[in-house]
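The values are calculated or read from the model by the stated rules, or taken from the named source; none is laboratory data. All figures in this text were calculated on a predicted structure; none of them were measured in a lab. When we count neighbours, we look across all protein chains shown, and the Cβ atoms used for this are built from the backbone with ideal geometry, even at glycine.
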Amino acid sequence: MCVRDGCGRPRNRLGAVLEVRKPADRPEADADSRPLPPEGAVTATIRDVARRAGVSPITASRAFSGTHPVAQETRRRVFAAAEELGYVPDLLARGLVHRRSPMIGMVVLELANPFVSPIIDGAQAVAFERGHLLVVSQSLRQRETEEASLSRFRQMRVAGVLVAPVSPDLRHLEELREQGVPVVAFSRQWANGDYVTVDDREGGRIAGEHLVSLGHREIGFVALGEPGNTAVEARLEGLLEALERGGAVCRPEWRLFTQRQTPEEGVAAAEAFVRLAHRPTAMFVTADRVAIGFVHQLRTLGLRVPEDVAVVGYDDIHYSQFLEVPLTTVALPKYELGRQAAEILFRRIGAAQPGGAPQQVLLPPRLVVRRSCGAGVDGG
């Protein structure tokens, strides 16, 4: 409640005269001359952070957005200043302004597969560095689930999507890209789009060359029997190329296919192997999880690895080196795969204009020799 005195000046309820200033009379503080707020204060602004870090407000904003190139040292100073001042950027508000949320969607085949975890780690490291949250979904190798995840990510207005496609039909990715969502495929090639994957043909070739170098001339093959799986096809092509050059063979009846990539499927493959009328002396099993079950069941059935059957796996998942018979395997740069895919995605997100030539990367595999191949080497 406010009353007025005899001069018309307003008084409060206790009778004290209230001084009223017109808006024009209020001193305007220079934003750059204001003292910095105390550390931990909730009133810190992006301008305060910029001054503390010694950069412009635009540079500070870009350091948080991750959509423009900012030097690593500059980004570190900005983040350190923000932490000192207790500044927390409103990422959701920023997403509303730019019509994109500060999130990256990622669709993997199976979270339970230990091959996938390092890929996620690599992508997450880049996303965090760019101030984005990585949101992961799994397709469980179902095309419908993959498409549903991508649709949900679009509804969330994610800044971009990383996806390990279930099938070679990638028209849905092209449609998503045409709708303005940057998309990068990984673990599968995409003729008209950005992708990062492993040179699987080279992986099959080095596995075959190694077994031939150990004297094997009859070599079998175990792989996922998934129609249109170009990675499996490439591994077999590389294997056959190496065997042909080395005078070895892989007969059709020695090529065993599984329904899933699990140790249980490896057990079933081993049981099929022992029923062969004539068995090869070595097997290339194109997934370590399957190879683990395969080796276990061979030993259960009385066959020695590598004395009776040499085995080479694929992936180099972490625990393959700790088995009773450590697994020789083709190692894939899983962390690097995720990291490079995310780097390409952020370049697309930050591009002034969409389009341009696809960015396509094939990463080289390498052979890790352990005891299961019979080479007499047990390396990590």
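The table below gives the values:
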read-out: Single residue of Phe257, Phe284 found to be under 20 Å from Val368 (Cα atoms), among the aromatic types (Phe, Trp, Tyr), at pLDDT 95 or above and not in a helix (DSSP H, G or I); value: Phe284
read-out: Count of residues meeting criterion [at pLDDT 95 or above, in a helix (DSSP H, G or I) and either within 27 Å of the chain's Cα centre (by Cα) or surrounded by fewer than 20 Cβ atoms within 10 Å (Cβ to Cβ) (or both)] in the stretch 292-319; value: 5
read-out: Residues of the stretch 209-254 classified as more than 23 Å from Leu170 (Cβ to Cβ) and assigned to a loop (DSSP other than H, G, I, E, B), total; value: 8
read-out: Number of the condition not met by Pro365 [criteria: (1) surrounded by fewer than 23 Cβ atoms within 10 Å (Cβ to Cβ); (2) modelled with pLDDT of 95 or more]; value: (1)
read-out: Yes/no for Phe273 being outside the structural domain of Pro69 (by TED's automatic domain parsing) and without any contact (Cβ under 8 Å) to a residue 12 or more places away in the chain; value: no
read-out: One residue from Ala148, Ala127 being surrounded by 17 or more Cβ atoms within 10 Å (Cβ to Cβ) and of a type in the set (A, V, I, L, M, F, W, C); value: Ala127
read-out: Qualifying residue in the stretch 138-154 (condition: modelled with pLDDT of 95 or more and in a strand (DSSP E or B)); value: yes
read-out: Residue that is modelled with the lowest pLDDT, among those in the stretch 19-77 that are in contact with a Ser or Thr (Cβ under 7 Å, 6 or more places away or on another chain) and not in a helix (DSSP H, G or I); value: Pro37
read-out: Subset of the stretch 161-177 (residues that are among the small types (Gly, Ala, Ser) and either modelled with pLDDT of 95 or more or in a helix (DSSP H, G or I) (or both)); value: Ala164
read-out: Count - residues of the stretch 274-291 that are under 35 Å from the mean Cα position of the chain (by Cα) and within 24 Å of Leu243 (Cα to Cα); value: 9
read-out: Residue within the stretch 348-359 that is at pLDDT below 95 and in the same structural domain as Gln259 (by TED's automatic domain parsing) present; value: no
read-out: Residue match in the stretch 270-287 (condition: on the phi < 0 side of the Ramachandran plot and in contact with a Ser or Thr (Cβ under 6 Å, 6 or more places away or on another chain)); value: no
